[in-house]
Amino acid sequence: MAEVNAMMIRAGCNFVAKNPVLDVKRSGFGMPVFGRTVWCNRRTTGRVGNGVKAVMQVDLEDAERLRRLEGLEATLGLDVVAERELKEKGFLGMRKTKLVCTIGPACSAIEDLEKLALEGMNIARLNMCHNSREWHRDVIRKIKKLNEGKGFCISVMIDTEGSQIHVVDHGAPSSIKVEDGSIWLFTAEKFEGSRPFTVQASYEGFSEGIQVGDSIVIDGGMATFEVIEKIGNDLSCRCTDPGLFLPRAKCSFWRDGRVVVRNHESPTLSSKIPAVQEEITSVCRELNKPVIIASQLLESMVEYPTPTRAEVADVSEAVRQYADALMLSGESAIGSYGQKALSVLQMASCRMELWSREENRENFLPHYQLGVSLHDRIAEEICNSAAELANRLSVDAIFVLTTQGHMASLLSRNRPRPPIFALTDDDSTRMALNLQWGVFPLRIELSEDIEANIWRGIELVKSKGLVKQGDSVLVVSEISPARAASMASQSIQLKTIV
């Protein structure tokens, strides 16, 4: 019965009208809000109801009001850049695609990290292939300091080193040009500084299983070498495809069109990499897995202050495909124009998202059932319905009360037009949600009283001047049954600020 009723929410039919009794003790802060509520009562018969709830202005004593409002700004935890964007552009103008920057020598100073944060960096990526653990710890400490002292909400993503990638370094502080036919020595010998036409590999066994005639591809095709001689563990190579050689570059070994990994071979992607990207992005969204499009998005901006038109087109296509995030690699880590590259991503994302809204493309996104248990299926249907309602009713924002972030991610999967504000009391959840498309995590204290949580969340945002009279907000609650009030554990409510 509950399963059928959960489906009825989305279909918008056979609602039973009720007039809930006002409980002054659960009216929160006495905020003048009028709402329409749809809830799923899973503790009794599973009946879905639709009622109009009028919340009266409750006169609180001054001392009580001050006590309730005390510290609201300190506990909100909205990123200062997102807050600025909201005030300047409104709810629908907020950028939904998240931006990831790889942190490297060019941007590891706290001043440079702050500049990236002000340009819109949501996530700082640390590539463990490079630098020492202490270097990475220092970067993490700096990011935490910015979050705590400057009001940012920057998450840290750690990329562990894989066994299939070999890191090489030519020793120079910046990129160098590799000329056609030049002979280079790839060696595991450790030395300081740089040597002419010598590349240092990251570990001694890098040449195991490699044969004369194999190819070494640098950074996915920036330059290519052919192995012409093996000298112990070293490789003498001739450049067959000249290009740019970056410091601490990644290399892969190829033989007969396949990647060579140590002493065995494995298949790789074929020449089909544009259609596959869109398919992978779509499947990830359908399965509710965050997807990041990365590598060489703005590669020319490692050395030049402006991108190519083709690069901007590729970035725009990634946004059109509804990727959760775009990522800068060498552009921010070692490039001279990391902040400009980030600005290009930000601008392209905003413009393409505006085009998607104007084309109303969200209505064409397919929905696939993910949940197996009844609880999960109800949560999924509620989020599908909430996103559809938000688009059809043109609400200004979606608020979701979430403990572990599950329903916030389900809402994000639908790629609704309004931004999704996820209210949580768990810092780990708050940071993890930074990667989700269109989700802006907020920190509040959650209680077992769902209605009190809803009012508190709205009052918190109102205290910052982020909502105004006439704004409509769709509120979705996700509270585990153990923490939920006796009458509901999941709900959809429409609130109009008056």
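The values are calculated or read from the model by the stated rules, or taken from the named source; none is laboratory data. Nothing here was measured: the structure is a model prediction, and the numbers come from that model. Neighbour counts are summed over all protein chains in view; Cβ atoms, including those assigned to glycine, are modelled from backbone coordinates with ideal geometry. Heads up: the accessible areas ignore ligands, DNA and RNA and are worked out on the full protein's heavy atoms, side chains in. Shrake-Rupley method; radii C 1.70, N 1.55, O 1.52, S 1.80 Å.
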Within segment 317-333, restricting to residues that are under 22 Å from Ala249 (Cβ atoms) and of a type in the set (S, T, N, Q), the one that is surrounded by the most Cβ atoms within 10 Å (Cβ to Cβ) is Ser332
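Table: residues versus (1) touching an Asp or Glu at 6+ places or on another chain (Cβ under 8 Å); (2) basic (Lys, Arg).
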{"position": "Lys340", "(1), (2)": "no, yes"}
{"position": "Cys350", "(1), (2)": "no, no"}
{"position": "Glu353", "(1), (2)": "no, no"}
{"position": "Glu380", "(1), (2)": "no, no"}
{"position": "Arg392", "(1), (2)": "no, yes"}
{"position": "Ala397", "(1), (2)": "yes, no"}
{"position": "Gln404", "(1), (2)": "yes, no"}
Considering segment 81-119, residues that are assigned to a loop (DSSP other than H, G, I, E, B) and touching a strand residue (DSSP E or B) at 6+ places or on another chain (Cβ under 9 Å), and then whichever is surrounded by the fewest Cβ atoms within 10 Å (Cβ to Cβ), we arrive at Glu119
Contact list, first residue from segment 290-301 and within 14 Å of Val312 (Cα to Cα) and open to solvent by 10 Å² or more (accessible area, probe 1.4 Å), second anywhere and part of a strand (DSSP E or B) and among the hydrophobic types (A, V, I, L, M, F, W, C), beta-carbon distance below 6 Å, six or more apart or interchain, is Ile293/Leu326; Ala294/Met327
Of the listed residues (Gln469, Gln493), the one being in a strand (DSSP E or B), within 25 Å of Arg357 (Cα to Cα) and at pLDDT below 90 is Gln493
Going through segment 438-454 in order, the residues found to be surrounded by fewer than 23 Cβ atoms within 10 Å (Cβ to Cβ) and part of a loop (DSSP other than H, G, I, E, B) are Ile444, Glu445, Leu446, Ser447, Glu448, Asp449
Reported set for segment 222-251 where residues are more than 16 Å from Gly181 (Cα to Cα) and either part of a loop (DSSP other than H, G, I, E, B) or not acidic (Asp, Glu) (or both) is Lys230, Ile231, Gly232, Asn233, Leu246, Pro247, Arg248, Ala249, Lys250, Cys251
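Only one of these is of a type in the set (Gly, Ala, Ser), part of a loop (DSSP other than H, G, I, E, B) and open to solvent by 30 Å² or more (accessible area, probe 1.4 Å): Ser343, Ser336. Name it.
None of the other options fit; the residue is Ser336.
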Pairing a residue in segment 125-150 that is in a helix (DSSP H, G or I) with any residue that is open to solvent by less than 60 Å² (accessible area, probe 1.4 Å) and of a type in the set (Ser, Thr, Tyr), where Cβ atoms lie under 9 Å and the two sit 6 or more apart in sequence or on different chains, gives Trp135/Ser108; Asp138/Ser108; Val139/Ser108; Lys142/Ser108; Ile143/Ser155
Among Glu148, Glu134, Glu179, Glu161, the single one that is at pLDDT below 95, of a type outside the set (Gly, Ala, Ser), open to solvent by 50 Å² or more (accessible area, probe 1.4 Å) and over 33 Å from the mean Cα position of the chain (by Cα) is Glu179
